[in-house]
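As structure tokens, the structure follows; a few thoughts come after it.
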Amino acid sequence: MAKICSFSFLYSYVDTRYKQAQFPKSGLPKLTRRRQALIKVSSLVSDQNVGVFPARDGEFSPLRIGNMVIDPPVILAPMAGITNSAYRELCTGFGAPLCISEMVTAGTLLTGNAEAKRIVSFGSQESPRSVQLYGVDPKMMEKAAKLLVEEYRVDHIDLNFGCPMRKVTSKGGGAAIPAHPRLLGNLIGAAVRGAEMGANGGESVPVTVKMRLGITDDIPTFLEAGRVSEAEGAAAVTLHTRFADQLYSPPVHWNALGDLASRLQIPVIGNGDVYEAADALRMMRDTSAAGVMVGRACLGRPWLFRDLASVFEGEEVPRPPCLGEVIEIASMHVEALVAHFDGDQLQALRNMRKMVSLYLYGFDSAAALQSKWLSCTSLLDWEAAVVEGSFDPTEEFSNAGLRHPRLKGGGLPTKQRVALPDQWLAFRDDEDLPMFGADFAVEG
């Protein structure tokens, strides 16, 4: 990805302040030496993960999805407005082996919509190229999958059948689709055929499916959806271990992963409340999941993928970054966003606003910096906020930030009424297409 500007002076400024505060008499700590010195500080761990040990040698195998080998078996989840090329680049730099793009709808992609094209844009060095696709019409899904492989040269397509949004499920889309297994099968099969056609006889591009447990705990759909996915040629399935009526609230139901995995030959990937590297180990040890998908827990914490890589290598989790390092990481993120938005600094900074409080959560000395960052309209403003702000670059990451809900979820268990079309559950063998509007922007 081409850089629009450089914050190298800013990183030097933050690093200098750090050294003056932490090592006033020593010339030792250049950036890399500093991190080596501070690695001795104990890493944070929540009470529920005390005693969870790193992976033993050979305990976990790489995740295999078609011709792709994902090692460690960890995936960055697709998230609307988040997993653009900028954040994927940042997470890749911290060790994420597979990063899935924001979701693109088949219809907008086929019409050449400018935003759809931006969603499926990739950095020049990005590999593998992974896209999440959503649609409700098998013919359009086939064409869109073919286009993604043929023109955009993607290496992997993930299909979204987990969106719980009312405006989508009320029209029979998103998480409502798995309640109609024949329709679900038609959509998956169409995407698999499209990917095969796009490859034009070359190496096949794997198609995977992301879904939820069901509509409610009285209407589970995941076992039948998993069976249909495998029968239609999906290379793996990801199970978000919540029902649609939960949205993103607790609890998660990891036990369902083992149930599904015992019935399928293709890999089952677990998703839901992987806040710490130890959570991923517990999930895989307790459920036989073949891999882990990380979503909101990494927002403002891309170093979570470094932690995951460490524990799968059999190493302890490194200490979290201090405030000075977090400022560097956030500045790298906003710089990459400017490149992603073709030099539009204002658009990049607006996109970044939802991340600012997540990066700085739990740092007591960062309140003034957060306020200034949220009002930035240019990179000069961003830089000035750092240079002028009063913060302690040595302040350490707070334990409160480990399991802090990020954008959605958390709190007490809650449930919504899942809106469905009239008679949707009365005719579950129906393969008719959902109503108009079911393919509006979705998330799962």
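Take every Cα pair under 8 Å whose residues are at least 6 apart in sequence, average their separation, divide by the length of the chain, and the relative contact order is 22 percent.
Amide H to amide H, with H built 1.01 Å from N, D158 comes under 5 Å of V131, Q132, L133, T208, counting only residues 5 or more places away or on other chains. In segment 292-440, a dipole from Cβ-located charges (positive for Lys and Arg, negative for Asp and Glu) runs towards its positive end, and of G401, H340, F312 it is G401 whose Cα lies farthest in that direction. Dipole check for the chain: with +1 at the C-beta of Lys and Arg, -1 at the C-beta of Asp and Glu, and the Cα centre as origin, the magnitude is about 680 Debye. Here the Karplus curve 6.51 cos²θ - 1.76 cosθ + 1.60, taken at θ = phi - 60°, turns the phi angles of segment 276-281 into couplings of 10, 4, 5, 4, 4, 5 Hz, with x standing for Gly and Pro. Solvent-accessible area per residue in the chain equals 41 Å², computed with a 1.4 angstrom probe and all protein chains kept.
Placing pseudo-labels 7 Å out from each Cα toward the beta carbon at S124 and S398 gives an inter-label distance of 4.2 nm. Shape of segment 42-104 from the C-alpha gyration tensor: oblate (a/c of 1.5 or more and a/b not above b/c, with a ≥ b ≥ c the square roots of its eigenvalues). For log10 I(q)/I(0) by the Debye sum over Cα atoms at q = 0.07, 0.08, 0.12 Å⁻¹, one of [x] -0.38, -0.50, -1.13; [y] -0.56, -0.68, -1.09; [z] -0.35, -0.46, -1.01 was computed from the structure I shared and the rest are decoys. Which label? Among [x] -0.38, -0.50, -1.13; [y] -0.56, -0.68, -1.09; [z] -0.35, -0.46, -1.01, the one calculated here is [z]. Using the structure shown, list the pairs from K143/K171; K146/K171; K372/K408; K210/K372 with a Cα-Cα distance above 31 Å, or answer none. Violating the 31 Å limit, Cα to Cα: K210/K372. Modelled label positions at D342 and L412, each set 7 Å beyond Cα in the direction of Cβ, lie 4.9 nm from each other.
Annotation: the antiparallel percentage among DSSP beta bridges lying fully within segment 212-295 is about 20. How far, in nm, would the chain grow between D286 and R428 when pulled straight, counting 0.36 nm per residue and subtracting the alpha carbon separation? The D286-R428 span can extend by a further 47.8 nm. Per-residue ellipticity at 222 nm computed for the chain from its helices equals -11500 deg cm²/dmol, with DSSP H segments shorter than 4 residues left out and the rest contributing -39,500 (n - 2.57). For segment 180-276, the fraction of C-alpha pairs more than 23 angstrom apart is 28%. Between the beta carbons of E203 and S61, assuming R0 = 25 Å, the FRET efficiency works out to 0.70 to the nearest 0.05. Amide H contacts for I100 (H built 1.01 Å from N in the peptide plane; partners 5 or more residues away or on another chain; cut-off under 5 Å): L76. Working from label points 7 Å from Cα in the Cα-to-Cβ sense, the L110 to T377 distance is 4.2 nm.
The values are calculated or read from the model by the stated rules, or taken from the named source; none is laboratory data. Keep in mind the model is a prediction, meaning the values are calculated, not measured. A quick note on method: Cβ atoms are made from the backbone with ideal geometry, for glycine too, and the neighbour counts reach across all protein chains shown. For accessibility, only protein heavy atoms count, side chains too; no ligands or nucleic acids. Shrake-Rupley method; radii C 1.70, N 1.55, O 1.52, S 1.80 Å.
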